[in-house]
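Chemist: I have a structure here, written as structure tokens, and I will follow up with some questions on it.
The values are calculated or read from the model by the stated rules, or taken from the named source; none is laboratory data. Just so we're clear, the structure is a prediction, and the values are computed from it rather than from any experiment. Here the Cβ is made from the backbone with ideal geometry for all residues, glycine too, and neighbour counts use every protein chain on show. Note: accessible area is taken over every heavy atom of the protein model, side chains too, but ligands, DNA and RNA are not part of it. Shrake-Rupley method; radii C 1.70, N 1.55, O 1.52, S 1.80 Å.
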Amino acid sequence: MNERKNGMDNNYADDASFLETIKEIENSLESVEQHAPVYTPNLEWFENIVIEKKQQLRKKLIFDVSIFSIVALLVLSAVLFMLYNIPVVFFALQGLFSISIIGYYSLRFIKQVKET
């Protein structure tokens with residue numbers, strides 16, 4: 001019974017030292033907060049960053065869309081030119097392209113079947 005009482009006393013001593021440690025940590029944190037104030041940037045600063053980023057993204061979008069449109073027009077012009085002026089070459093290229101797509105997917109399917 002005496003051992004049990006000593007064990008309880010140790011728990012109370014541990015609790016007291018634990019509480020004392022917590023108080024010391026809290027006091028230290030308060031002193032840190034007083035000496036190093038937290039600085040939050042101005043809301044206008046964040047708004048300016050967002051506006052600048054939106055402008056950059058919009059410029060990039062306009063550039064990308066314009067490049068895409070130019071390339072699409074060039075490809076479409078080439079295809080239509082070939083269709084009306086050299087139809088034999090146009091149909092030959094269409095057939096070659098169709099056969100290459102079928103061949104690619106067939107080889108891929110055969111390779112996938114062999115792996116499993």
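Chemist: Which residue, ALA92, ALA16, ALA72, tops the fluctuation ranking in a GNM of the chain built on C-alpha contacts under 10 Å?
Modeler: Of the options given, ALA16 has the highest mean-square fluctuation.
Chemist: Which ³J(HN,Hα) values, rounded to whole Hz and listed in residue order, are derived for region 51-62 from phi using the Karplus coefficients 6.51, -1.76 and 1.60 in 6.51 cos²θ - 1.76 cosθ + 1.60 with θ = phi - 60°, glycine and proline given as x?
Modeler: Using θ = phi - 60°, the values come out as 5, 4, 5, 4, 5, 4, 5, 5, 4, 5, 4, 4 Hz.
Chemist: Let me ask something else about it. When the chain is fully extended, how far beyond the present Cα-Cα distance does VAL65 get from VAL32, taking 0.36 nm per residue of separation? Can you show the working numbers first?
Modeler: On the way: separation 33, 0.36 × 33 = 11.88 nm, distance 5.27 nm.
Full extension of this stretch gives 6.6 nm more.
Chemist: Compute the Cα gyration tensor for the chain, then decide on rounded, prolate or oblate, letting a ≥ b ≥ c be the square roots of its eigenvalues: rounded whenever a/c is under 1.5, prolate when a/b is larger than b/c in the other cases, and oblate in all that remain.
Modeler: Numbers: a/c = 13.72, a/b = 2.21, b/c = 6.21.
In terms of gyration-tensor shape, oblate.
Chemist: Related question: Using each residue's phi in region 92-102, evaluate 6.51 cos²θ - 1.76 cosθ + 1.60 at θ = phi - 60° and report the 3J(HN,Hα) Karplus result to the nearest Hz, with x for Gly and Pro.
Modeler: 5, 5, 5, x, 4, 5, 5, 5, 5, 5, 4
Chemist: How much accessible surface does PHE91 have with a 1.4 Å probe, in Å² rounded to 10?
Modeler: Approximately 130 Å² of PHE91 is accessible to the 1.4 Å probe.
Chemist: What does the accessible area per residue of the chain come to in Å², with a 1.4 Å probe and no ligands, DNA or RNA counted? Walk me through the numbers before you get to the answer.
Modeler: Working: 11380 Å² over 116 residues.
On a per-residue basis, 98 Å².
Chemist: Follow-up. Using 1/(1 + (r/R0)^6) with R0 = 41 angstrom and r between the beta carbons of PHE81 and ILE51, what's the FRET efficiency to the nearest 0.05? Show your work: numbers first, answer last.
Modeler: On the way: r = 45 Å, r/R0 = 1.10.
The calculated FRET efficiency here is 0.35.
Chemist: Something else about it: Can you work out ³J(HN,Hα) from phi for every residue in region 108-115, in order, using Karplus 6.51 cos²θ - 1.76 cosθ + 1.60 and θ = phi - 60°, giving whole Hz and x for Gly and Pro?
Modeler: Residue by residue, region 108-115 yields 5, 5, 4, 5, 5, 5, 5, 6 Hz.
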